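Working notes, structure below.
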Amino acid sequence: MIIKSLEVREIFDSRGESTIEVGLTTSDSHSFFAKIPSGKSRGKNEAAVLSYAEAEQILQNTFIREIEGFDSETIEDLDEFLIRFDGTKRKEKLGGNVMLGISIAFARALAHKREKELWEVLHEEFFPNADISKKPLIFANLVNGGVHTDNNLDIQEYMTVVEAKGTYTGSIQKLISFYERLGFVIGEERDVKRLPIGDEGGYAVNFKDNFAPIEMMEKLIMESELQNEFRIALDVAASSFYEDKVYRFEGASLSTDELIERYKEYFEKSKLLCSIEDPCDENDLEGFKKMVKIAGDRWVVGDDLTTTDPERIKKCAEEKRITGVIIKANQIGTLTETCEAIRAAREQGVRCIISHRSGETDDSFLVHIAKACGADGVKIGAPVKERISKYDELMRLYA
């Protein structure tokens, strides 16, 4: 597969903020594209992000002369070329977003040439032994807090976790109905017809405290008789309220132990709370270790802590700081490294959740990564707007 040319376009994500679409044209004049999401809540170790203007400049100048005529039949070869050219730990020269766009567009070109789906190409190259029939759990953010909105919730995401007992079509229809009913209950309680929406489509209103959304969602799940299919998960994003070595939580300054005691109370109060992501600051390693000890069979998931980095995932798993991990391709910058991160998690017995970003596009490549590796979960956001395309792709790939 020979690369003839590259281009970059400015597009806008779900928050209306600038991001990029990378286009790749092959020697047979076919063009392939990848839209790259952006994240508001970023771990300190994530790959660097170039603005559209910076991306255009690097592609038009030095890099385009280097990559024109590149010829390979594997994604790994291309990604190794990109990593060598960039030469920095955090992809500061090419940008993780630019590199990922090239990587995905090239993978789509290979899929077209072989008359296969994107997930099939990824499966064959990186996960030949994965169970592609496995249906991942759907993590859907229905109430937003933290940096994703301006309400009084410290916790960033309150999610339903949907297990497809039958078809995804039926389960997603139940999810959409539940989301709408939750909105009705929240609005009726506040006597409001139009509810504010956060970055990921979740309802963004004030609650009496950080546990109240869990309580409301659990009650509604039970009333709807969905407890055999629906559970609850949190993305705390604790780094966002960690300051001067204390956690600013509900107006109080809490130590690590005091914050973990709050989570322990949540677990005791909620039968359906099954997963908690980034419960501690990304540098609070002992906090994560203590969380794993008290969580029992609930998942303790790393995101800002692990940033889709194979070495960080391996180390955190070996030191028993996580039992699950978020996989975001643009945190690391190429498909090859993303797949290496998934393999590192699998080798350590850590569950993988393939995730969107707060600033999403309608590109559904994350669903193809999930299918290719037999992921444990997909984290998509509320079933609205640009995220609907990902739900549609789930239904198509697992029909």
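Before moving on, here are some points about what is shown:
Residue-by-condition table, conditions (1) modelled with pLDDT under 95; (2) in the same structural domain as Ile388 (by TED's automatic domain parsing); (3) touching a Pro at 6+ places or on another chain (Cβ under 8 Å):
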site	(1), (2), (3)
Thr149	yes, yes, yes
Glu157	no, yes, no
Leu175	no, yes, yes
Val205	no, yes, yes
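- Among the conditions (1) in contact with a His (Cβ under 9 Å, 6 or more places away or on another chain); (2) surrounded by fewer than 20 Cβ atoms within 10 Å (Cβ to Cβ), the only one that Thr74 does not satisfy is (1).
- Total residues in the range 302-311, condition over 12 Å from the mean Cα position of the chain (by Cα) and under 16 Å from Ile353 (Cα atoms): 4
- Screening Met159 on (1) in contact (Cβ under 8 Å) with a residue 60 or more places away in the chain; (2) in contact with a helix residue (DSSP H, G or I) (Cβ under 7 Å, 6 or more places away or on another chain); (3) of a type in the set (A, V, I, L, M) shows it passes everything except condition (2).
- One residue stands out in the range 187-202 among those that are without any contact (Cβ under 8 Å) to a residue 40 or more places away in the chain and surrounded by 13 or more Cβ atoms within 10 Å (Cβ to Cβ): the one that is nearest to Ile214 (Cα to Cα), namely Gly187.
- Within the range 356-378, the set of residues being within 19 Å of Glu277 (Cα to Cα) and of a type in the set (Asp, Glu) comprises just one member, Asp376.
- Filter pass, Gly101 being of a type outside the set (D, E, K, R) and either under 26 Å from Ser5 (Cβ atoms) or outside the structural domain of Leu24 (by TED's automatic domain parsing) (or both): yes
- Residue in the range 218-238 that is modelled with pLDDT under 95, assigned to a loop (DSSP other than H, G, I, E, B), assigned by TED's automatic domain parsing to the domain that holds Cys274 and more than 16 Å from Leu272 (Cβ to Cβ) present: no
- Unique match (being of a type in the set (A, V, I, L, M, F, W, C), under 30 Å from Tyr398 (Cα atoms), in contact with a Phe, Trp or Tyr (Cβ under 9 Å, 6 or more places away or on another chain) and part of a loop (DSSP other than H, G, I, E, B)) among Ile132, Ile172, Ile138: Ile132
- Close pairs from the range 279-293: first outside the structural domain of Asn45 (by TED's automatic domain parsing), partner among the charged types (D, E, K, R) and part of a helix (DSSP H, G or I), Cβ under 8 Å, at least 6 apart: Lys290/Asp257
- Output for the range 170-186, where each listed residue is within 24 Å of the chain's Cα centre (by Cα) and free of Cβ contacts under 8 Å to residues at least 60 places away in the same chain: Gly170, Ser171, Gln173, Lys174, Ser177, Phe178, Glu180, Leu182, Gly183
- Cβ-Cβ under 7 Å pairs, at least 6 apart or on other chains, the range 367-382 side touching a residue at least 40 places away in the same chain (Cβ under 8 Å) and of a type in the set (Gly, Ala, Ser), far side in a helix (DSSP H, G or I) and buried (at least 24 other Cβ atoms within 10 Å of the Cβ): Ala372/Leu122
- Elements of type strands (runs of 3 or more DSSP E) in the range 1-109, at least 1 residues being within 22 Å of Asp303 (Cβ to Cβ): 18-26, 31-36
- Residue within the range 93-108 that is closer than 30 Å to Arg15 by Cα, in contact with a Ser or Thr (Cβ under 7 Å, 6 or more places away or on another chain) and of a type outside the set (S, T, N, Q) present: yes
- Pairing residues of the range 81-96 that are more than 18 Å from Thr19 (Cβ to Cβ) with residues that are among the aromatic types (Phe, Trp, Tyr), at Cβ distances under 8 Å and at least 6 apart in sequence or on separate chains, gives Phe81/Phe70; Phe85/Phe63; Lys93/Phe85.
- Search result, residues across the range 64-78 that are over 23 Å from Glu340 (Cα atoms) and free of Cβ contacts under 8 Å to residues at least 24 places away in the same chain: Arg65, Glu66
- So Glu243, is it acidic (Asp, Glu) and within 25 Å of Ser171 (Cβ to Cβ): no
The values are calculated or read from the model by the stated rules, or taken from the named source; none is laboratory data. Only a predicted model underlies this, so the values are computations on that prediction, with no experimental measurement involved. Methodologically, a virtual Cβ is constructed for each residue, glycine included, from the backbone with ideal geometry; neighbour enumeration extends over all protein chains shown.
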